[in-house]
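The values are calculated or read from the model by the stated rules, or taken from the named source; none is laboratory data. From a predicted model like this one, the values you see are computed outputs, not experimental measurements. Cβ placement follows ideal geometry from the backbone for every residue including glycine, while neighbour counts extend to all protein chains displayed.
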Amino acid sequence: MIAVIPARGGSKGIHRKNLRTVGGESLIHRACRVAVACDSLERVFCYSDSAEILHEGHAAGATPIERPADVSGDTVTSEETVRRFLADHPDVGHSPVMMIQCTSPFLRTAHLTQACDLLGNGGCDSVIAAAHLTRYLGYEGSRGLWTAMYPVRWRRQDYRSPYWIETGAFYLAERRTWEAGRRFGARCAMVEMSLMEAHEIDEEEDLVMAEIIESYFKTAKAVAS
């Protein structure tokens, strides 16, 4: 299995987002480091139009690959990006492909290993990262009123939500799935991340919250040891 970590140099929401840091480490370096540490991934590619990002990826142990300008714009999808990478680099083989998004700074190597094991066991055709959504859910009904999804409200302690959310941290699928323009198939398995691990970086305030989560994890690890 191989991993592709696409990271553009430009970003509308946060300037130079993929080079911003959490815990003193850039987002692209964190993602590459975590992926390189996964023994189930044969090769890890940092795919970017930015020389600085490629340098960071290489420093973390990934193979830097220049990303063409026509798949580096704001409107290009992740599926298009991975498909272009595979078309331009047929030498990477026909093994399954994992796309990792460096805007999920709390992705761990254990998550990636579990995903590779799930796909390798043959019970599924793709794997995503997901977090269990434990909040009460509803939707905006007519005239902007709250409409609960369940007629009976359980006690919080008894509530077992059936809903999960994609964290966006990674997507693992067979090469032919990516080449068909899809990131997961009909039998998609999940690797669970906690809601804190699922934190994504999209806006400036997300970086502030990420530092708080990073501090929490470091403290919890120190206490456990």
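Values as computed for the structure displayed
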| item | result |
| --- | --- |
| Lone qualifier among L86, L133, L112, L107 - being aliphatic (A, V, I, L, M), touching a residue at least 12 places away in the same chain (Cβ under 8 Å), under 25 Å from A210 (Cα atoms) and in contact with an Asp or Glu (Cβ under 8 Å, 6 or more places away or on another chain) | L107 |
| Breaking point among (1) of a type in the set (A, V, I, L, M, F, W, C); (2) at pLDDT 95 or above; (3) farther than 20 Å from T109 by Cα, for A180 | (2) |
| Given (1) among the basic types (K, R); (2) surrounded by fewer than 17 Cβ atoms within 10 Å (Cβ to Cβ); (3) touching a residue at least 12 places away in the same chain (Cβ under 8 Å); (4) over 17 Å from G123 (Cβ atoms), number of the condition R187 does not satisfy | (4) |
| Verdict on T75 being without any contact (Cβ under 8 Å) to a residue 40 or more places away in the chain and not in a strand (DSSP E or B) | yes |
| Members of the stretch 134-154 that are closer than 23 Å to E166 by Cα and among the basic types (K, R) | R135 |
| Tally, over the stretch 21-72, of residues that are touching a Pro at 6+ places or on another chain (Cβ under 9 Å), within 18 Å of H111 (Cβ to Cβ) and touching a residue at least 60 places away in the same chain (Cβ under 8 Å) | 5 |
| Residue, farthest from Q101 (Cα to Cα), within the stretch 114-154, restricted to residues that are among the hydrophobic types (A, V, I, L, M, F, W, C) and part of a loop (DSSP other than H, G, I, E, B) | V152 |
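Residues are listed down the side, and each one gets a yes or a no for (1) modelled with pLDDT under 95; (2) among the hydrophobic types (A, V, I, L, M, F, W, C); (3) in a strand (DSSP E or B); (4) closer than 23 Å to E203 by Cα:
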| residue | (1), (2), (3), (4) |
| --- | --- |
| S11 | yes, no, no, yes |
| I14 | yes, yes, no, yes |
| I28 | no, yes, no, yes |
| A31 | no, yes, no, yes |
| H55 | no, no, no, no |
| G61 | no, no, no, no |
